[in-house]
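**Student:** Once you've had a glance at the structure underneath, I'll fire off some questions.
The values are calculated or read from the model by the stated rules, or taken from the named source; none is laboratory data. Keep in mind that this is a model prediction, so the values were computed, not measured. When we count neighbours, we look across all protein chains shown, and the Cβ atoms used for this are built from the backbone with ideal geometry, even at glycine. Surface accessibility is based on the protein's heavy atoms, side chains included, excluding ligands, DNA and RNA. Shrake-Rupley method; radii C 1.70, N 1.55, O 1.52, S 1.80 Å.
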Amino acid sequence: QECSKKQKNDDTQSTSVDALSSDDGFEEKNEFHTLANAKILLSDCLACDNCMTSEEGARVFQQNQKELFRVLNLNKKCDTSKHKVLAVSICPQSLPYFAAKFHLSVNDAAKRLCGFLKSLGAHYVFDTTIAADFSILESQREFVQRYQQRNQEEHALPMFASACPGWIRYAERVLTNLVTSHICTVKSPQQIMGSLVKGYFARQKNLSPDKIFHVVVAPCYDKKLEALREDFYTALYNSQEVDCVLTSGEIVQIMEQKNVSMKDVTEVAVDSLFDEIKEGDVVRHDGKRSDGYLEHIFKHAAKELFGMDVKEITYKALKNKDFQEVTLEKDGETVLRFAAAYGFRNIQNMVLKMKKGKFLYHFVEVLACPGGCLNGKGQAQTEDGKPDKALLHQMEEVYAAIPVRLPETNLHVQKMYQDWLEGMDSKKVQEALHTKYSAVNETASNLDIKW
């Protein structure tokens with residue numbers, strides 16, 4: 001059996017699968033538009049069909065607009081026992097899509113998107129940047145620990161970033177423990193946001209987690225698959241950290257169904273997790289097309305391990321623009337060697353080097369989409385499924401212009417470490433912000449993977 005991922009990259013023929021309706025038999029007329037069952041192309045989901053069980057496939061395809069409308073309709077009924085608090089979290093890489101597509105500033109796009117979601121019936125709309133703050137801070141600390149243990153722990157280095165679910169699924173189902181033991185244990189920003197909403201926020205509002213329906217707006221389809229992971233499920237409350245993921249494009253489809261233009265929507269300030277405070281202007285992290293794990297971890301490690309303040313990072317493109325490296329030299333010696341590997345061709349080359357024992361990197365920021373998260377297939381695509389290069393270029397310009405905020409400077413995060421997580425080294429930090437990645441099928445090591 002050969003891994004199908006290599007063929008998927010070049011396959012222009014995509015198999016479409018009808019989404020399962022999340023409310024089969026629910027035919028009652030309501031004020032929401034009836035949407036056709038969504039078609040999801042298996043090529044859109046970077047975790048190819050060979051990596052998904054039929055049960056997973058069914059549950060992924062249930063995460064469409066109908067599931068959102070099901071909850072909205074339940075909230076309209078008199079049976080309050082079935083009502084849910086609807087919270088929507090928006091990924092930072094989705095906002096440039098709405099800004100570029102509708103010719104708005106990123107701050108206007110955030111407020112108008114918030115206004116639209118609340119007009120549908122959302123109670124709270126959050127920005128997931130704070131979750132990325134936590135994810136980056138924890139990843140920084142883990143890298144320093146791994147580096148310090150590199151001579152005692154065989155699998156300490158290299159460390160691979162854990163934010164991309166397409167990459168994670170591929171590693172767990174195909175690459176086995178050769179790779180999974182090197183993956184950072186920190187949850188992705190999406191799933192940390194799930195912990196914040198179903199944990200911290202639920203406690204603040206005196207709500208049971210199962211009384212919150214948490215929707216995430218994300219750039220790619222693989223985030224739907226990530227939300228279903230068993231380690232992100234709390235049996236006590238029968239509750240996932242994230243109940244439904246909708247891509248940016250699926251939100252636009254809802255707008256089109258309702259004949260709503262972003263420019264006609266009333267601006268509403270984005271909510272924060274803290275009392276009645278509202279979010280200010282949109283901020284981002286260092287990194288041209290992602291949450292910037294490489295840059296933040298590199299600068300932190302340079303300071304913590306070698307006492308060096310790195311202000312600017314210089315990328316060196318290697319085989320292509322989606323495989324770049326960054327190095328730190330001290331006293332004529334290269335002491336840190338980081339890389340960014342985007343797209344499956346670069347990921348496969350990276351793994352091949354590991355197998356041959358020729359891997360020199362201490363950390364790699366791995367993203368399954370060529371070009372990074374902005375190029376997620378849930379947004380920057382034309383109607384025929386091809387990358388919309390002009391739109392993507394505009395999105396990159398919008399994203400690059402967003403001010404950078406260091407996660408260390410977020411006072412809310414520092415306060416939550418003490419008040420909610422009981423300190424930075426607590427058991428609660430491990431439970432809320434970390435997980436474990438391991439090979440799902442041990443027989444996968446016998447696959448005849450032809451690179």
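**Student:** Lys263 fails exactly one of the following numbered conditions: (1) open to solvent by less than 20 Å² (accessible area, probe 1.4 Å); (2) under 25 Å from Lys111 (Cβ atoms); (3) assigned to a helix (DSSP H, G or I); (4) modelled with pLDDT under 90. What is the number of that condition?
**Tutor:** For Lys263, the failing item is (1).
**Student:** Residue under question is Ala218, and the condition is that it be modelled with pLDDT of 90 or more, under 11 Å from the mean Cα position of the chain (by Cα) and buried (at least 24 other Cβ atoms within 10 Å of the Cβ); does it hold?
**Tutor:** So Ala218 fits the description; yes.
**Student:** Turning to a different aspect of this structure: Residues that are of a type in the set (S, T, N, Q) and either touching a Lys or Arg at 6+ places or on another chain (Cβ under 9 Å) or open to solvent by less than 10 Å² (accessible area, probe 1.4 Å) (or both): does the range 95-113 have at least one?
**Tutor:** no
**Student:** Taking into account only those residues within the range 49-85 that are over 18 Å from Ile251 (Cβ atoms) and touching a strand residue (DSSP E or B) at 6+ places or on another chain (Cβ under 8 Å), which is modelled with the lowest pLDDT?
**Tutor:** So, considering only residues that are over 18 Å from Ile251 (Cβ atoms) and touching a strand residue (DSSP E or B) at 6+ places or on another chain (Cβ under 8 Å), the one modelled with the lowest pLDDT is Gly57.
**Student:** Right, here's the next one. For Ala122, work out the one condition from (1) among the aliphatic types (A, V, I, L, M); (2) in a helix (DSSP H, G or I); (3) within 18 Å of Met262 (Cα to Cα); (4) in contact with a Leu (Cβ under 6 Å, 6 or more places away or on another chain) it doesn't fulfil.
**Tutor:** Going through (1) among the aliphatic types (A, V, I, L, M); (2) in a helix (DSSP H, G or I); (3) within 18 Å of Met262 (Cα to Cα); (4) in contact with a Leu (Cβ under 6 Å, 6 or more places away or on another chain) one by one, Ala122 breaks only (2).
**Student:** Something else: Would you check if there is a residue in the range 399-407 being under 21 Å from Phe102 (Cα atoms), in a loop (DSSP other than H, G, I, E, B) and at pLDDT 90 or above?
**Tutor:** yes
**Student:** Can you report the number of residues in the range 151-175 which are open to solvent by 20 Å² or more (accessible area, probe 1.4 Å), within 20 Å of Lys353 (Cβ to Cβ) and in contact (Cβ under 8 Å) with a residue 24 or more places away in the chain?
**Tutor:** Going through the range 151-175 one residue at a time, the tally reaches 2.
**Student:** Please work out which residue is surrounded by the fewest Cβ atoms within 10 Å (Cβ to Cβ), limiting yourself to the range 302-312 and to residues that are in contact (Cβ under 8 Å) with a residue 24 or more places away in the chain and either of a type in the set (A, V, I, L, M, F, W, C) or in contact with a strand residue (DSSP E or B) (Cβ under 7 Å, 6 or more places away or on another chain) (or both).
**Tutor:** Selected residue: Phe306.
**Student:** Which condition number in (1) open to solvent by 10 Å² or more (accessible area, probe 1.4 Å); (2) part of a helix (DSSP H, G or I) is the one that Cys78 fails?
**Tutor:** Evaluating Cys78 over (1) open to solvent by 10 Å² or more (accessible area, probe 1.4 Å); (2) part of a helix (DSSP H, G or I) leaves (2) as the failure.
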